[in-house]
Amino acid sequence: MSAKQLVISENAQLQFVQNPNNGKIFFVCGSKRGYVSPAAQQKMSNGTLDDFQYAEVSIDGGVAVPCLMVVGNSQQNVKRSLGGELLH
């Protein structure tokens, strides 16, 4: 979901926080707290809410980790789309 949707659903601001013990950046938004991708860390000082996406990522079915990432231009690489007829 978009970071804007996250802020609305959590009814809270999106905050970038630095861990004082190791210097790593994480995010907090209401009850969600998690990883900030390197690209998102680069955007955090000059980006807007629309630049970020939120997802809960799991590797091989493991525990899902909340993640904040930068919105990419992934649509330019799309070769084929399916399911458009199901959308209203």
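Straight-line reach from LYS4: which lysines fall under 18 Å, measuring Cα to Cα and dropping same-chain residues less than 8 apart?
LYS32, LYS43
Suppose we flag trypsin sites (Lys or Arg not before Pro) only when DSSP calls them loop and at most 14 other Cβ atoms lie within 10 Å. Which is the longest uninterrupted stretch of the chain? Working shown, then result.
Details: sites that count: LYS24, LYS79, ARG80.
Within the chain, the longest run free of exposed trypsin sites (Lys or Arg not before Pro) spans 25-78.
With θ set to phi - 60°, apply the Karplus curve 6.51 cos²θ - 1.76 cosθ + 1.60 along segment 21-36 and write out the HN-Hα couplings as whole Hz, x wherever there is a Gly or Pro.
These are the phi-based 3J(HN,Hα) values: 7, 10, x, 6, 9, 9, 10, 9, 8, x, 7, 9, 8, x, 6, 10 Hz.
Using Cα springs under 10 Å in a Gaussian network model of the chain, which residue among PRO20, PRO66, PRO38 shows the largest mean-square fluctuation?
Evaluated over the chain, the most mobile residue of the options is PRO20.
Please state the relative contact order of segment 3-72 as a whole percent: Cα pairs under 8 Å, 6+ residues apart? The partial results should precede the final answer.
Values: 113 pairs, mean separation 20.1, N = 70.
Normalised by residue count, the contact order of segment 3-72 is 29 percent.
Each reported figure results from applying straightforward, stated rules to the coordinates on display, with no laboratory input. Keep in mind the model is a prediction, meaning the values are calculated, not measured. Note: ideal-geometry Cβ built from the backbone for every residue, glycine included; neighbour counts use all protein chains shown.
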